[in-house]
Each structure stands twice: as structure tokens, then as C-alpha cells.
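Read the figures in this text as sums done on the coordinates, not as results from a lab. Remember, predicted model here, so these are calculated numbers, not experimental data. Don't worry about glycine lacking a Cβ; one is built from the backbone with ideal geometry, like all the others, and counts go over all protein chains shown.
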């Protein structure tokens, strides 16, 4: 992903259509300016050396046989200066700069609207667009995601926040996975004000769902500690944490693209808190649920975990590169 992004933003030196047109206009104006300057130079020199160029008092500036070489040379230089001035004025060196400044101003205005423009040529590209194709998610939402479907304990909840069907053990695993395996945070004012949730749109949606289920963010985090974070990888499309519980047990939590997390699971957690083998029939059921959510234009995220003994957890670099198959799937949202 990094190399693709680098190729995407790399400047390959190719000119944009606007730059090509501007260069064409500048070249044309420059050629016209040079032609006019050359014509003016020739005409003024002819007029000067034939005695048709007059002083303010009406006398000729150049008189053959009477005007000194120095005066004639100075007069010719003055005429050459006029021609050079025409060339300097005619060649539009500032035209590309003026357009660049205009695009930069447009870019700054777009930045105020939270639109990041990586290259100035993008402003030109969008200025030439006549049709924008977009799905309804990008046009009809407020950039505020919510959990609308949840498969917990092997069954679909009638309401995402209705956890009455879950046992205490199953609910504890779900809430632990939500509260610990996240880069977001929850702030609960002491005066009883509205709870504030921060993070990416996906993280905020999942944390808000956990709050509706009765999750006490600070309490959950105080009962366990994160001993390692597995950063989200765009290649693996998942991220995770290793959490040490009060009894020195370790829970490894994964969260990421549903189909990839599901592929790493060998078991699933039922609503009564028991772990069952992930049979082909149950795998097909989960896969169908993922497809149904995708067809409904929903982003599907899977949660899985695995208990582990603290003394068997790798250390250092081995922990960072740790591949842990045989996960237990407990939630799809």
C-alpha cells in the first residue's frame, strides 16, 4: 500500500492539459512579441540612420558625416533598448505563476472545508468534471456511522444493543473486545452530561454500540491491561491487542475485515458463553451473513479472541510477528 501511494503522489513530470495550453499561449505571445520587437527594431534603425528620427527641436538625430560614431552608437543602443523592452513586456512569464497562485488559493479554500488536496492539478481536474458518480453512502450520510446489525453468540440480535440473550461470560468477552481493542476513547463526564466518544467513524460507531450495551469503558480498562498492540495492517486488514487479566491470563483480541478474521477462526462463541467448533455449516452461515451485510452497503467488521497463558506469550520482535491461528469468533457487526 505504501509503494502504491508513493507512485500515486509521485510527480512524473507530465504536464496537465492546462499547463500545455498555457505553455502554448505563452509561446505564441512570445513569438508575436519577438516578431513585433524585431520589426520595431528594424524600422527605428532605418528611420534613425536615414535622418527621419527628429529631436524635440526638429533637427535630425543622425546626420551622415556630421554625427559622431559615439552618438550614433548611443542612438542605436537606445533603439535596441526599446526592442528589448517590448520583448520583456510581451513574453508572459507570470502567466503560469498567476494560474498556480489561483489554484493554490482554491486549494486553501477546500482545506477549510476539510477537503485535502495533495496536488494542485487536482483542482484543474475537478474543474473539468461534468459528472460525479458516487454511491449513496458518500452522499446521504453525515460521516457518522452506527451499528445497525450485530451477530453475537452465533445469532443475529433483533436490536444491536439487545444483549439479554447473552450470558454474562459472552457479554464480558464482547465488551472486553470492544473496550480494549480500539484506538478510540470514551469520556464520561462526572456531572452526568452526554458521553463523548472519539476516534475514527468506525471506532466511534463500535464504542457507541458498546455503551448502549452497558459498557463502562473506564471500568473495563481498569480490570485488565494491554501488554501489546498489534497495529492495524492494510495488508492483513486487521489489528489487535494482547490483554492481561487480573488472573494473569491473556486474551488476544483481533478486529478487522470480516472475511479475513473469519478465515483465521477455528471456533465460535455461543450466546451461553461456550466455545464450539466452527463447522463448515456454521462457516457458511457466517459467510452468508457477511455477504448479506455487504449487499446492504454495510461495512462488516469481525471480532475474535483467544485465551492464552501469560508465560507462553512471545517476547519482543517475536510477539510483533506473532501469527495466532485458531481464533474464536464472537461478533460480527
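Can you tell which of 153, 94, 214 shows the greatest fluctuation in a Gaussian network model of the chain with Cα springs below 10 Å?
Largest GNM mean-square fluctuation: 94.
Tell me the relative contact order for the chain as a rounded percent, counting alpha carbon contacts under 8 Å between residues six or more apart.
Normalised by residue count, the contact order of the chain is 14 percent.
Evaluate the distance, in nm, between pseudo-label points positioned 7 Å from the Cα of residue 85 and of residue 161 along their respective Cα→Cβ axes.
A separation of 7.9 nm, rounded to one decimal place.
Mind checking which of 161, 323, 149 has the largest fluctuation in a GNM of the chain, springs on alpha carbons under 10 Å?
323
Given springs between every Cα pair under 10 Å in a Gaussian network model of the chain, which of 172, 208, 134 has the largest fluctuation?
The residue that fluctuates most here is 134.
How far, in nm, would the chain grow between residue 68 and residue 101 when pulled straight, counting 0.36 nm per residue and subtracting the alpha carbon separation?
Full extension from residue 68 to residue 101 adds 6.8 nm.
Could you compute the FRET efficiency for residue 32 and residue 116, with r as their C-beta to C-beta distance and R0 at 51 Å, rounded to 0.05?
Values: r = 41 Å, r/R0 = 0.80.
Taking R0 as 51 Å, the efficiency between residue 32 and residue 116 is 0.80.
What nm distance separates the two modelled labels at residue 47 and residue 245, each placed 7 Å from Cα along Cα→Cβ?
It is 10.0 nm.
For segment 151-332, what does the alpha-carbon gyration tensor say about shape, rounded, prolate or oblate, given a ≥ b ≥ c as the root eigenvalues, a/c under 1.5 as rounded, and a/b over b/c as prolate?
The shape class here is rounded.
Arranged by the count of other C-beta atoms within 10 angstrom, fewest first, what order do 327, 110, 145, 31 take?
Ordered by Cβ neighbours within 10 Å, fewest first: 31, 110, 145, 327.
Once log10 I(q)/I(0) by the Debye sum over Cα atoms at q = 0.06 Å⁻¹ is worked out from the coordinates, which option in (i) -0.21; (ii) -0.26; (iii) -0.45 does it equal?
For log10 I(q)/I(0) by the Debye sum over Cα atoms at q = 0.06 Å⁻¹, the calculated option is (iii).
With Kirkwood's inverse mean 1/r over C-alpha pairs for Rh, give me the Rg to Rh ratio of segment 213-266, two decimals please.
Dividing the radius of gyration by the Kirkwood radius yields 1.03.
Would you mind computing, in nm to one decimal, how far apart the modelled labels at residue 237 and residue 318 are, each placed 7 Å from Cα along Cα→Cβ?
Distance between the two pseudo-spin positions: 3.1 nm.
Let me see the P(r) profile for segment 14-127: every Cα-Cα distance counted, bins of 10 Å, each bin given as a percent of all pairs.
Going out from 0 Å in 10 Å bins, segment 14-127 shows 12, 27, 19, 15, 12, 10, 4, 0 percent.
Starting with the fewest neighbours, write out 132, 211 ranked by other beta-carbon atoms found within 10 Å of each beta-carbon. Before the final figure, lay out each step's value.
Details: 132 8, 211 19.
Taking fewest neighbouring Cβ atoms as first place, the list is 132, 211.
For 207, 278, what's the fewest-to-most ordering of other Cβ within 10 Å of each Cβ? Kindly include the intermediate steps, with their values, before the conclusion.
Working: 207 23, 278 19.
In order of increasing Cβ crowding within 10 Å: 278, 207.
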